[in-house]
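Reviewing the structure listed below.
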Amino acid sequence: MSMGRRELMQGAGIMALSAALPALAKAQPAAVSTSGSPQTAADHTIRIGNGLVELAPDRIISTTTYNGQFPGPLLRFKEGRRVVVDIHNDTDTPEQLHWHGQTVSVDVDGAAEEGTPFVPAHGMRRIAFTPGPAGLRFYHTHLTPGADLSGGQYGGQVGTVYIEPKDDPGRHDREVFLMLKEFQPALSRGGDMAMDFLAPATRVKALEEAGESTMRASLAKGMPHGFEVGYSLFSINGRMLGHGDPIRVKAGERVLFHIVNGSATEIRSLALPGHTFEVIAMDGNPVPTRIQVPALWLGTAERISAVVEMNHPGVWVMGDLADDDRTRGMGVVIEYAGKTGKPNWIKPASSKWDYTRFGRSAPNAQAPDEAIDMTFTKNNAANRGFNEWRINGMAFSMKKMQPMFHLRQGKRYRLRMRNASDDIHPVHLHRHSFELTRIAGKPTAGVMKDVVMVGGYQEVEVDFVADNPGRTLFHCHQQLHMDFGFMALFDYA
Ligand SMILES: [Cu+2]
């Protein structure tokens, strides 16, 4: 999936031609559901259906995909230029395709909880929208499979979106897109995910005491630990380490990596021995402070755009810090021109992941109009052996789908999130971007995101402006948490 500048320019030329077509489509309503095909051509066509993913020659899995491939096709949009997308659903299950990180309308966002119509089974929907904001976004299914680990984002319905800015400066030599994704999920009791990489590490005593005593009470009643999900196969761009083409680089090149954590449930890390990452954007949005880091950390659905200066010739493994996951596929080979041999992995010096280092330390001048408090709690093994998750004491009901929070258009809100569990929750707000304002007690400003990891027994504060009317879903992006209660709806008064 790597592309040189010249190929990119050709791609842009094709887009310019196809951009003439939507003029015909403009007379149509924003979205139509139909079992037939519309008369005019769409800019992009996505077909949801079964496909084979060859992770390695002896590791071929059958799963639901976009256009029969994994990852789904890379969709390149131009900021502000309207696109028409046909979504065909060749499966027996009504589907939702979510445009993650884009400020689109409820009608196209792709979340049943907000009221987006389903793409009917064996039917299609044509949607039209104006892409934005610029940068790295992605698209994925938005069903809640619950205990069915063949559904939702456990399968292959994930693809990258790149929205080119109106004025693309293009200072890097080339771009490489990386999709991190596990396959073959299975239920387990208790996980082994890294938990100690977030900084600051400050925990809130009251949250810890509440969470620990609730857990102790549950175990004392004889309850087992709630189910977790683990995986046996790991991949980057649909290939296990050693089974895809290496990324071929030249000494002195500056390569811009666009990395998407397409996992249903896992937090991922990524390092390239002997090199550092200059993080230029998070969740597609340029960061105020570009710093060099030895390793990247991405919660589910987080994205990072980072430049690596290729200044350490050799053949290297770029991969996850977790040895188990990397050796089972979570890596890709970086090969310098003229270098041969077995790819090398060297464990980098340990580092912490601190969102505030990418921000401004000066507090934001804009005070919020209103604050919304949220406390996250875990009800151990309470729902058929699965943990039930609650926001302010409420597990989301898919039957009622009632908004919990009411917004007024134009107001700036501060979400004060308190995590009374020991899990890290990568929480996501649909159709809006938020600004990080406080991470585990440390003030920050200027980092705009749509997913943020809230550490175990920690507090995180983010601000957002209610500037995109309609129902808006907030949820933990860990599929198992989301499906078992960790969702809430905002609506506009
Ligand atoms: Cu969660």
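A few remarks follow.
- Distance between modelled label sites at Lys442 and Leu219, nm, 7 Å Cα→Cβ extension: 3.0 nm
- Ser150, Ser351, ranked by accessible area, largest first (probe 1.4 Å): Ser150, Ser351
- Rounded to the nearest 0.05, the FRET efficiency derived from the C-beta distance between Lys399 and Lys347 at R0 = 41 Å is 0.25.
- Ranking Val451, Cys476, Val427 by how far each Cα lies toward the positive end of the dipole of segment 420-493 (charges on Cβ) leaves Val451 at the top.
- Gln184 paired with Glu253, simple spin-label distance in nm, labels 7 Å along Cα-to-beta-carbon: 3.2 nm
- Estimated FRET transfer efficiency when R0 is 22 angstrom, pair Glu278-Ala365 (beta carbons, to 0.05): 0.20
- For the chain, with +1 on Lys and Arg beta carbons and -1 on Asp and Glu, the positive-most of Leu187, Gly341, Phe277 along the dipole: Phe277
- Cα gyration tensor shape for segment 418-493, rounded if a/c is under 1.5, else prolate or oblate: oblate
- Heavy-atom accessible area per residue - the chain, 1.4 Å, Å²: 40 Å²
- Using a probe radius of 1.4 angstrom, the carbon and sulfur fraction of the accessible surface of the chain is 51%.
- Trp345, Trp297, Trp353, ranked by accessible area, largest first (probe 1.4 Å): Trp345, Trp297, Trp353
- Computed over the chain: relative contact order in percent, which uses C-alpha pairs under 8 Å that are six or more apart: 15 percent
- Rounded if a/c under 1.5, otherwise prolate or oblate - the chain, Cα gyration tensor axes: rounded
- Cα centre as origin, Lys/Arg/Asp/Glu Cβ charges: the chain dipole, Debye: 600 debye
- Within the shell of other residues whose beta carbon sits under 10 angstrom from the beta carbon of Thr64, the net charge comes to -2, with Lys and Arg scored +1 and Asp and Glu -1.
- Each label was represented as a point 7 Å from its Cα along the Cα-to-Cβ direction; for Asp90 and His122 these points are 1.5 nm apart.
- For the chain, the mean residue ellipticity at 222 nm estimated from helices alone is -2500 deg cm²/dmol, where every DSSP H run of n ≥ 4 contributes -39500 (n - 2.57) and the total is divided by all residues, rounded to the nearest 500.
- Distance from the Cα centroid of segment 72-88 to that of segment 311-354 is 33 Å (rounded to whole angstrom).
- Signed unit charges on C-beta, dipole axis of the chain, positive-most listed residue Pro224, Ile60, Gly101: Gly101
- Judged by the ratio a/c of the largest to the smallest principal axis of the C-alpha gyration tensor, segment 96-208 counts as oblate, that ratio being 1.5 or greater while a/b is no larger than b/c.
- Using 0.36 nm per residue and subtracting the Cα-Cα separation, the extra length available between Asp245 and Arg384 on full extension is 45.7 nm.
- Segment 371-381 - phi-based ³J(HN,Hα) in whole Hz, Karplus 6.51/-1.76/1.60, Gly and Pro as x: 10, 10, 8, 9, 10, 9, 10, 10, 10, 4, 6
The values are calculated or read from the model by the stated rules, or taken from the named source; none is laboratory data. Note that this is a predicted model, so its numbers are computed, not measured. Cβ: placed from backbone, ideal geometry, glycine included. Neighbour counts: every protein chain shown. Just so you know, the surface numbers come from the protein's heavy atoms only, side chains and all, with ligands and any DNA or RNA stripped out. Shrake-Rupley method; radii C 1.70, N 1.55, O 1.52, S 1.80 Å.
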